Amino acid sequence: MGLLVIPVMLSVAFGTGRVLFFDDWATTSDPKIEALLKGEQLVPPPALPPEIFATAEVEQVRPLTKEGSRDWAVLDADFRNRLLLVYKIMKEKHGYDLALLEGYRSPERQAKLAALGNTVTLAKANQSYHQYGLAADNAFFRNGKLVISERDPWAMEGYRLYGEVAESVGLVWGGRWSFKDYGHVEYRKPGFKLPRD
């Protein structure tokens, strides 16, 4: 009984107007997460023309991108809100426009990409957060073109900032993995376990 009283007392003492539970402490200290928790209504950016995703430059770096889903509505709502917050911070604080290359990915598409080899993806069908609407691949949009190349210093600085921002709102950034996937972020949603073979 005493444990239930402590969060109420803390709420009164700190004047937050809401009851804080022990697992809230990790998230309420970060203003970006706090804004997310307050339910800021963020909307996806306008859709880019399909031909932007079908250029030779894009195909060389990210095969089959033109076939990817860029439908924000099929992403998990918690993940979508966090990703949109990343887009907002990257634009307002760092001056980078982001573009969604691919969000949800069917198991069939995942298998197709996996068949292209481990330079494309290490995950087989149903082994990626993409299949559950909890992952997205993103790139920068500058002067009417997608900028994905890791050889571009401007893009690499953008990926570094993108990784920091994504992690600050509770996402996992692929740029930290041994298999570097700088544009990839995923949400390890509490209570969700990725199925494994």
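Scanning the stretch 151-167 for residues being in contact with a helix residue (DSSP H, G or I) (Cβ under 6 Å, 6 or more places away or on another chain) and at pLDDT below 95 gives a total of 0.
Evaluated against (1) assigned to a loop (DSSP other than H, G, I, E, B); (2) without any contact (Cβ under 8 Å) to a residue 24 or more places away in the chain; (3) of a type outside the set (Ser, Thr, Tyr), residue 110 falls short on exactly one condition, (1).
Only one entry in 87, 96, 104 is hydroxyl-bearing (Ser, Thr, Tyr), in a loop (DSSP other than H, G, I, E, B) and under 20 Å from residue 165 (Cα atoms), namely 96.
Under the condition of being more than 17 Å from residue 59 (Cβ to Cβ) and assigned to a helix (DSSP H, G or I), the residues counted in the stretch 113-134 number 5. Among the residues of the stretch 122-151, count how many are closer than 17 Å to residue 69 by Cα and over 17 Å from the mean Cα position of the chain (by Cα). Within the stretch 122-151, residues that are closer than 17 Å to residue 69 by Cα and over 17 Å from the mean Cα position of the chain (by Cα) number 3. Of all the residues in the stretch 113-154, those that are touching a Phe, Trp or Tyr at 6+ places or on another chain (Cβ under 9 Å) and over 29 Å from residue 194 (Cβ atoms) number 5.
One line per residue, one yes/no per condition, for (1) within 20 Å of residue 144 (Cβ to Cβ); (2) among the charged types (D, E, K, R):
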| residue | (1), (2) |
| --- | --- |
| 61 | yes, no |
| 68 | yes, no |
| 75 | no, no |
| 82 | no, yes |
| 125 | no, no |
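For residue 32, the criteria (1) in a loop (DSSP other than H, G, I, E, B); (2) modelled with pLDDT under 95 hold in every case but one, which is (1).
Condition (residue is of a type in the set (A, V, I, L, M), modelled with pLDDT of 95 or more, at negative phi and in contact with a His (Cβ under 8 Å, 6 or more places away or on another chain)) applied to the stretch 130-143: is it met by at least one residue? Yes, the stretch 130-143 has at least one match. Is there a residue being surrounded by 13 or more Cβ atoms within 10 Å (Cβ to Cβ), closer than 21 Å to residue 188 by Cβ, in contact with a helix residue (DSSP H, G or I) (Cβ under 7 Å, 6 or more places away or on another chain) and at pLDDT below 95 anywhere in the stretch 49-67? Checked against the condition, which is being surrounded by 13 or more Cβ atoms within 10 Å (Cβ to Cβ), closer than 21 Å to residue 188 by Cβ, in contact with a helix residue (DSSP H, G or I) (Cβ under 7 Å, 6 or more places away or on another chain) and at pLDDT below 95, the stretch 49-67 yields no hits at all.
The values are calculated or read from the model by the stated rules, or taken from the named source; none is laboratory data. Model, not experiment: these values are computed from the prediction. Methodologically, a virtual Cβ is constructed for each residue, glycine included, from the backbone with ideal geometry; neighbour enumeration extends over all protein chains shown.
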